[in-house]
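Novice: Take a look at this one; I'll ask things after.
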Amino acid sequence: LALFVAAGPELVRPGPIARWDDALPLGNGLLGALVWGDGNVVRISLDRGDLWDLRTPPMLTRPDWTYQTMQRLKAAGDQKQMNALFDDPYEQTPYPTKLPGGRIELVFDPAVRVSRFSLDLSAAVARVDAGPSTITARVDAVARAGVFDVEGPQPDVRLIRPVGLDKLGYGPG
C-alpha cells in the first residue's frame, strides 16, 4: 500500500490501480476481495479461504513415496531420483492447490475514467470514484457476503472465470 496516502482513517490513491497486487484489500477471514481497476473498468477479485482442490496425485500414492525412501536417496546421493519422486510431481500435476475465486468487472462508458480509490480503515469500506459513478464495496462478517453498490450511471457487469481452473480440468460453471 505504499502507493496510498493517509487521510484521517482512510488510505487514498488518486488515479487508477492497474495491478491486482496493489488493490484495496477487503475480507472477513473467510471471504476476501481485492478492489482495483483502470480506464473505464473497476475490478473486484473474489476469493474464499476454503476453496481447495484436494485431489491426490497418483505419484503420492506410490508405496515408495515415503520419508524412508527420501532418507535412503539422500544417503546414496541420488539427487536425480530424489527430484523424480519428490519434486517433479509438483511441476507436473497442478493439484492439490488453492482454487481461485473469480472476478467481477464493472465496465463503464468508454469516456469514464477511474479517478480515485480509498479505503476507510475504521469501517472496512472501499470506495472507487469512476466519473459520475461511485462504487462502494465491503465484506460483511456477519452476513458472510460481499456487498457492492454503484451510485450513478450503471456499468455493464462481467463475471470472469479464473483461467487457472482450465489447467485443473474444471468445466464451465
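The values are calculated or read from the model by the stated rules, or taken from the named source; none is laboratory data. These figures come from a predicted structure and were not determined experimentally. Note that we place each Cβ from the backbone using ideal geometry, even for glycine, and neighbour counts take in every protein chain shown. Side chains included, ligands, DNA and RNA excluded: accessible areas come from the protein's heavy atoms. Shrake-Rupley method; radii C 1.70, N 1.55, O 1.52, S 1.80 Å.
Novice: Just the number, please: carbon plus sulfur as a percent of the accessible area of the chain, 1.4 Å probe, no ligands or DNA/RNA counted. Working shown, then result.
Specialist: Numbers: 5810 of 10380 Å².
About 56 percent, which is the carbon plus sulfur part of the accessible surface.
Novice: Of the residues Gly39, Gly146, Gly77, which exhibits the maximal mean-square fluctuation in a Gaussian network model of the chain defined by a 10 Å Cα contact cut-off?
Specialist: In this elastic network of the chain, the residue with the biggest mean-square fluctuation among Gly39, Gly146, Gly77 is Gly77.
Novice: With a point put 7 Å past each Cα toward its Cβ, work out how far Asp53 is from Thr134 in nm, to one decimal.
Specialist: Between Asp53 and Thr134, the label points sit 4.2 nm apart.
Novice: What FRET efficiency comes out for Asp78 versus Tyr170 if R0 is 45 angstrom and r is the Cβ-Cβ distance? Round to the nearest 0.05.
Specialist: Details: r = 37 Å, r/R0 = 0.81.
Efficiency for this residue pair is about 0.75.
Novice: Could you give the length gained on full extension between Glu91 and Ala141, defined as 0.36 nm per residue of separation minus the Cα-Cα distance, in nm? Don't jump to the answer; show the numbers that get you there.
Specialist: Values: separation 50, 0.36 × 50 = 18.00 nm, distance 3.67 nm.
So the extension gain works out to 14.3 nm.
Novice: Identify, among Ala137, Gly169, Met82, the residue whose Cα sits farthest towards the positive end of the charge dipole of the range 63-173, taking +1 on the Cβ of Lys and Arg and -1 on the Cβ of Asp and Glu, with the dipole about the Cα centre.
Specialist: In the range 63-173, that residue is Met82.
Novice: Now, a different point. Long-range amide H contacts for Arg116: which residues qualify at under 5 Å (H placed 1.01 Å from N, peptide plane, sequence gap of 5 or more or a different chain)?
Specialist: Those qualifying (amide H under 5 Å, at least 5 residues apart or on another chain) are Gly15, Asp129.
Novice: Working out 0.36 nm times the residue gap between Ala6 and Arg62, then minus their Cα-Cα distance, what length gain in nm do you get to one decimal? Can you show the working numbers first?
Specialist: Details: separation 56, 0.36 × 56 = 20.16 nm, distance 5.47 nm.
Here the segment from Ala6 to Arg62 would lengthen by 14.7 nm.
Novice: Per residue and in Å³, how big is the convex hull formed by the alpha-carbon atoms of the range 66-119? All intermediate terms of the calculation are to be shown ahead of the outcome.
Specialist: Values: hull volume 11.2 nm³, N = 54.
Enclosed volume per residue, from the Cα hull, is 208 Å³.
Novice: Quick check: from the Cα gyration tensor, does the range 100-173 come out rounded (a/c under 1.5), prolate or oblate? The partial results should precede the final answer.
Specialist: Numbers: a/c = 2.49, a/b = 1.36, b/c = 1.84.
Note, shape of the range 100-173 comes out oblate.
Novice: If I fit a long axis through the Cα atoms of helix 67-76 and take the longest principal axis of the Cα atoms of the chain, what angle between them do I get, 0 to 90°, rounded to 10?
Specialist: For helix 67-76, the angle is close to 70 degrees.
Novice: Let me know the shape class of the range 14-91, please: from the alpha-carbon gyration tensor, a ≥ b ≥ c as square roots of the eigenvalues, rounded when a/c is under 1.5, otherwise prolate if a/b is greater than b/c, or oblate. If you can, show how the numbers build up before the last one.
Specialist: Values: a/c = 4.18, a/b = 2.78, b/c = 1.50.
In terms of gyration-tensor shape, prolate.
Novice: What value, in deg cm²/dmol to 500, does the helix sum -39500 (n - 2.57) over DSSP H runs of n ≥ 4 give at 222 nm once divided by the residues of the chain? Kindly include the intermediate steps, with their values, before the conclusion.
Specialist: Numbers: 4 runs with 27 residues, N = 173.
Dividing the helical sum by the residues of the chain leaves -4000 deg cm²/dmol.
Novice: Residue separation times 0.36 nm, minus the C-alpha to C-alpha distance between Glu151 and Asp109: what's the value? Intermediate results must be reported in sequence, preceding the final value.
Specialist: Details: separation 42, 0.36 × 42 = 15.12 nm, distance 1.45 nm.
Residue separation times 0.36 nm, minus the Cα-Cα distance, leaves 13.7 nm.
Novice: So, one more: Report the residue, chosen from Gly32, Gly152, Gly131, that carries the largest GNM mean-square fluctuation when the chain is represented by alpha-carbon nodes joined by springs under 10 Å.
Specialist: Of Gly32, Gly152, Gly131, the most mobile in the Gaussian network model is Gly152.
Novice: Could I ask something else about it? Above 26 angstrom, tally the Cα pairs of the range 45-173 and express them as a % of all pairs, no decimals.
Specialist: Values: 4194 of 8256 pairs.
Value for the range 45-173 (Cα pairs over 26 Å): 51 percent.
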